[in-house]
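Read-outs: derived from the displayed coordinates by stated rules, not from any lab. Given the structure is predicted, the values throughout are model-derived calculations rather than measurements. Cβ sites come from the backbone with ideal geometry, for glycine too, and all protein chains shown count toward neighbours.
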Amino acid sequence: MSLRKEFVMLAISNTLNMRELCRRFGITPKTGYKWLRRYQAEGEDGLKDQPRRPAYSPARTPFAMEQAILDVRTKHPAWGGRKIKARLEAITHKRFPSASTITAILRRSGMIDPAESTKHHAWQHFEHDAPNKLWQMDFKGHFPISGGRCHPLTVLDDHSRFALGLEACRNETADTVKDRLIAIFRRYGLPERILADNGGPWGYDGDHPYTALSIWLLRLDIGVSHGRAYHPQTQGKDERFHRTLKAEVLRDYSFTDLQGCQTAFDQWRDVYNQERPHQALGLATPASRYELSPRPYPEVLPPIEYGDDDIVRKANDKGRISFRGRSFIIGKAFRGLPVALRPTLDDDVWDVFFCHHKIATVDLAVSGEV
């Protein structure tokens, strides 16, 4: 069901070719069109293998309406009045009491802790104007499981808050992140840029901001940005996502292994993307604002090519290049790879590019190494 719901929501809101969309979801166009027709005719009920009775009917009494509010709160203990109202009206097509009235019902029923209410504060929101212009990526604090620890890897679209990935990882190595990103790229396509913090495996290699993982992303023509050190608000949306994940999943679950973690993560991710109203989106769901990237993942990395006017140098084993009798270090992550030097308006200053991305500047007038 979760796969079908995500598919039809993306099919409705995306301009991507239907055959390409079906390919990314591993289904035939015939199946994809069938799900879409059923959803358009019957809503979510049309996606189920077996029909079910309507959850609500016009004959329901106000008591039943109040019970529906309490049921949603029981299922989603971290949801407040606004989210509950938006969700119930979306699935019943009926008007419910105001958010403040719903909050009063929850408080009267003992389902709101006054001490918890005072902890919440508003966040200042900034966002890119379209999906896939920027993804935010980070690890949520790891926690113990049987035989090790779980390291949740989160990938979030900046514009829509759509959770592209919530992965239960055994460690935080570059190979682990790369494997999970490949699966995400195959499903959703490539973003223009990814924002991560300064830690491993995407953070700094000594004094240089590039690692083997970020080099791979640059080869895919994905820009790599890093948040300011000691300023987690730079990745505010992913930090807020982590708070929600902790409140709605991690606080109430006890996990034994990675598979149990991933099962819980997958179930909650569907709710977060497709059902949970998001206050910063005007109480819309992230899935309603997300569109697949038109840039498919290439199974073979594109060649590294530069223009005829570029001066090309290959980094040695220590990450150095030689230029006009000088040695400059650009980072060990680039060892064995070609980079291009291009002049600027200052005769002594040259920009260094890797693929399509500027990675450094060298100044021949400055003594010492860059």
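Table for the structure above
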| read-out | value |
| --- | --- |
| Placed amide H near Asn198: partners under 5 Å, 5+ positions off or other chain | Gly227 |
| Out-of-range pairs (alpha-carbon distance over 27 Å; input Lys48/Lys83; Lys94/Lys246; Lys5/Lys30) | Lys94/Lys246 |
| Label-to-label distance, nm, for residues given as Val300 and Met1 (7 Å Cα→Cβ offset) | 4.4 nm |
| Region 233-312: C-alpha gyration tensor shape, a/c 1.5 cut-off, then a/b vs b/c | prolate |
| Inter-label distance for Thr101 and Ser254, nm, one decimal - labels placed 7 Å from Cα along Cα-to-Cβ | 4.1 nm |
| Thr74-Thr31 FRET efficiency (beta carbon distance; Förster radius 35 Å; 0.05 resolution) | 0.50 |
| C-alpha long axis of helix 99-108 to longest principal axis of the chain, angle in ° | 70 degrees |
| Charge dipole magnitude, Cβ of K and R +1, D and E -1 - region 311-363, Cα centre, debye nearest 20 | 380 debye |
| Charge tally in the Cβ shell below 14 Å around Asp348, where Lys, Arg are +1 and Asp, Glu are -1, Asp348 excluded | -1 |
| 5 angstrom amide H check on His278, placed H, neighbours 5+ away | Leu283, Ala284, Thr285 |
| Anisotropy class of region 135-289 from Cα gyration tensor, a/c 1.5 cut | oblate |
| Residue exposure sequence - Asp308, Asp138 - by fewest surrounding Cβ within 10 Å | Asp308, Asp138 |
| Mean separation of Cα contacts under 8 Å (6+ apart) over length of the chain, as relative contact order % | 15 percent |
| Cα gyration tensor shape for region 62-117, rounded if a/c is under 1.5, else prolate or oblate | prolate |
| From phi via Karplus (6.51, -1.76, 1.60), per-residue ³J(HN,Hα) for region 302-313 in Hz, x at Gly/Pro | x, x, 8, 10, 10, x, 5, 8, 6, 9, 9, 10 |
| Rounded tilt (10° steps) of 258-274 against the dominant C-alpha axis of the chain | 70 degrees |
| Rounded to whole Hz, the Karplus (6.51, -1.76, 1.60) HN-Hα couplings of region 314-321, x for glycine and proline | 9, 6, 7, 4, 9, x, 9, 10 |
| Magnitude of the charge dipole, the chain, Cβ model with Lys/Arg +1 and Asp/Glu -1, debye to 20 | 1660 debye |
| Built amide H within the under 5 Å cut-off of Val312, gap 5+ | Leu341 |
| Stretchable slack from Lys48 to Thr263, in nm (0.36 nm times residue separation minus alpha-carbon distance) | 75.4 nm |
| Cα-based helix-to-principal-axis angle, 2-13 vs the chain, degrees rounded to 10 | 70 degrees |
| Residue-averaged 222 nm ellipticity for the chain, from DSSP H runs of 4+ at -39500 (n - 2.57), nearest 500 | -10500 deg cm²/dmol |
| Entry for percent of Cα pairs over 31 Å apart (calculated from the structure that is shown) out of (1) 58; (2) 27; (3) 46 | (3) |
| Förster-model FRET efficiency, 35 Å R0, Gln40 and Thr361, C-beta, rounded to 0.05 | 0.05 |
